[in-house]
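Read the figures in this text as sums done on the coordinates, not as results from a lab. Here the structure is a predicted model, which means the values were calculated and not measured. Neighbour counts run over all protein chains shown; Cβ positions are idealised from the backbone, glycine included.
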Amino acid sequence: MGAIAIVLPLAAAAFLGALGHRLPRWARDAVALAAAAATTALAVRLALAARDDLLVTWLGGWRPRGDVAVGVALAVDAVGAGFATLSGVLAVAALVFSLRYYESAEGHFQALVLLFLAGLVGFGLTGDLFDLFVFFELMSVSAYALAGYKSEDPATLQGALHFAVVNTIGAALVLLGLALLYGATGALSIAQLAGAVPRAPRAVATAAFGLVSCGFLVKAAAVPFHFWLADAHAVAPAPACALFSGAMVPAGLYAVARLDATVFASVVPPGGAGAGSLLVGLGTLSAVAGAALSFAQRHLKRLLAFSTISHAGIILVAVGIATPEASAAAAAYALGHGLVKGALFLGAGLVLHRLRSVDEVALRGKGRGLVAPALVLGVGGLALAGAPPFATATGEALLHRALEDAGWGRLGPVLLVASVVTGAAVLRATLRIFAGMGPRLPEAPDEGGETSEPPETRRSRGTPLTMALPALALLALAAVAGTAPGFADGARAAGARLVDGRAYAARVMRETPIPAATTRPDAPGERRKATERGAAAALAALALAVGVLRRTELPPSVRRVARRVWVPSIHALRALHTGRVGDSVAWLAAGAAVFGGLAFLLG
Amino acid sequence: MSAVLSHLPWAVAAWLLACGLYGVATSRNLVHLVVCLSVVQSSTYLVLLGVGWRAGATAPVVIAGAPPAAGPVADPIVQALMLTDVVVGATVTALLLALAVQVHERAGTLDPDRLHRLRG
């Protein structure tokens, strides 16, 4: 079943690529949608089947001989299948949303989305390190092409180039680390590596950890590897952005979590010790920097892109701590964030479609009476801040608990503030665009693609249902996941399985049954407390948004402090984002060198 | 001699990686930039081949029924990985060069610094 879920979108993409131009538009859309929907259904079935077991398939029947994995395995657990499901849902939403896109007339858009989906699904299901790399590259290359889709605009080309160059270097780092691991152990199967790496020389294991982690963290947009992300999101079509932020960025985090639990278990002990503290530090830095940069944006898609950096940072903290509870938090948070962020990007696409711009300042008050986009962005902003009943709130509650249990409780408020600030940024834009709040600001010069965005669709009267529905459906799914009674417990069980690399290896190599997950239930009153905290976070985000919009009415002392602290620091931070490919690569090289050095010191 | 030979691939790969990264970071021409990126990728080819190299080994050709080669053979897996990597590299290079052609057509320049830039 797993193999079909990978082959199906690949075959459909190949079909559309070869014959798409001979088919009428509706047939191409039907083929793409059917393939994506069928893939999603398969992923859901896999996720349900993998609740209590790790599903192992040796492709071609090449089973392991003794302790050597001769063939290539698919090893599907709840987190991997859940990731595939999230990717499928976002792909379906993106395809429905883009039914009205005239650029996709040649059928390339649908084919690229399907290729991208195949890469994501394979990435979630594979149990082999080299396959992981191949699916990683498949997803990357189709993403580069999607980012550069509106190729008439030079800014688009620049953003796509930036994205492709930086991520290709990241992939090269992954491959170098993989080659070191193979050289030291002779293994590529993740399960076999889990047994072999502790016996390999410590220095090789640490160097491989540094290379592989940096490579995947480029995709996860951790600071200082994040410079490409906002440019790629600013220029890509809105539905592609939903896939980038919702599924591709978490893919990097998923790989780090999976490999740290199995291959690098000796380098990254649970609890955020050793090199794990490095991941926690990078995650915190990303969460704070991403939130500040997000709040400083007026280009709606860049605002959302920087908030993705912030939320990926929050998930990275949980991945670095790597306890069962923290992994559960990472999985639940990634699912909630993926759905909500997907909806928000589609909301930005709705704004672009109806108002022909995504500049928050220029659109002040122009969106009055647009119900669907206002609803998507407003509710999405609250959900981003962690409002119940959305799955982001469940993830936040699990994370809070995990941080306290692992002795990182002091980080809790920092991460909470980061998510509140990103939510506030979205709410500020929503209130400004749809309620006309905030002072009138001078029109920005149209410079550097910072405020401009060419429309992607033909005008229409009213908001087309095919564009509004996917966004609202994603939000509804996030709410359903957050309210489902078994969601938190399911995430706990999945997280406990994800970090148990020993059981994973034994199941894959020797068919030893997976031990039943023992999870601790909520303490009495804990759920209510988490709900209250989520509601307070959402209210704080709303208050911050309104406070900034009505800042002229604030007492002068508050405004003076804000001006002295906020303005210089955000200017310094933004000045680092020059948009030059060379600068990003220099940051990447320096960051990887420092990361590797610290990994040796801490590991 | 053998010690030099067994370390040579790593040294050259590290050199290629550093050169390529420097080239990408300082490039003023998109075609040059893409070629520098290929240099970065070629360092991975070298590491993969170096991992599979054995002193005095022959090519890993195994024919069913025929007697196996006398003495050691090079590791065929890394060679397969390297070939896959070459294909991936070629795809990325082709895509990037296509983007560079588009840039030249639309913006009339190949200097990444003279492009319409996205900042902050």
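Put a dot 7 Å past the Cα of A:ALA435, heading toward its Cβ, do the same for A:SER460, and the two dots end up 2.8 nm apart.
With R₀ set to 56 Å, the beta-carbon distance separating A:GLU526 from A:VAL68 gives a calculated FRET efficiency near 0.75. In the protein assembly as shown, the DSSP-assigned H stretches of four residues or longer account for a calculated mean residue ellipticity at 222 nm of -24000 deg cm²/dmol, using -39500 (n - 2.57) per stretch and the full residue count as denominator. Kirkwood analysis of the Cα pair distances in segment A:7-57 returns a hydrodynamic radius of 12.4 Å. Based on the inverse mean of 1/r over its pairs of different Cα atoms, what is the Kirkwood hydrodynamic radius of chain A, in Å? Every distinct Cα pair counted, the radius reaches 23.7 Å.
Rounded to 0.05, the FRET efficiency of the A:LEU576 and B:ALA66 pair, given R0 = 56 Å and the Cβ-Cβ distance, is 0.35. In order along segment A:534-539, the phi-based Karplus estimate (6.51 cos²θ - 1.76 cosθ + 1.60, θ = phi - 60°) of 3J(HN,Hα) comes to x, 5, 5, 4, 5, 5 Hz; Gly and Pro are listed as x. Each Lys and Arg adds +1 at its Cβ and each Asp and Glu adds -1 at its Cβ; summed about the Cα centre, chain A shows a dipole of about 1280 debye. Under the criterion of Cα pairs below 8 Å and six or more residues apart, the relative contact order for chain A equals 16 percent. Got a sec to turn the phi values of segment A:310-319 into Karplus ³J(HN,Hα) couplings, 6.51 cos²θ - 1.76 cosθ + 1.60 with θ = phi - 60°, whole Hz, x for Gly and Pro? So the Karplus estimates, Gly and Pro as x, are 4, 6, 4, x, 4, 5, 5, 4, 5, 5 Hz.
Once the Cα-Cα distance is subtracted from the 0.36 nm per residue extended length, the B:SER38 to B:ALA11 segment shows a gain of 7.9 nm. Which entries of A:LYS219/A:LYS301; A:LYS219/A:LYS341; A:LYS301/A:LYS529 show an alpha-carbon separation above 23 angstrom in the structure shown? Flagged as over cut-off: A:LYS301/A:LYS529.
Phi angles of segment A:253-262 translate, via the Karplus equation with coefficients 6.51, -1.76, 1.60 and θ = phi - 60°, into HN-Hα couplings of 5, 4, 5, 4, 5, 4, 6, 5, 6, 10 Hz per residue; Gly and Pro are given as x.
Each of B:ALA90 and A:ALA536 was given a label point 7 Å from its Cα along the Cα-to-Cβ line. The distance between the two points is 6.1 nm. List the longest stretch of chain A that has no exposed loop site; here a site is one of the chymotrypsin sites (Phe, Trp or Tyr not before Pro) assigned by DSSP to anything other than H, G, I, E or B, with at most 13 other Cβ within 10 Å. Within chain A, the longest run free of exposed chymotrypsin sites (Phe, Trp or Tyr not before Pro) spans A:103-603. Projecting label points 7 angstrom from Cα along Cα→Cβ for A:ARG550 and A:ASP52 puts them 5.5 nm apart.
Summing +1 for each Lys or Arg and -1 for each Asp or Glu among the other residues whose beta-carbon sits under 15 angstrom from that of B:VAL92 gives -1.
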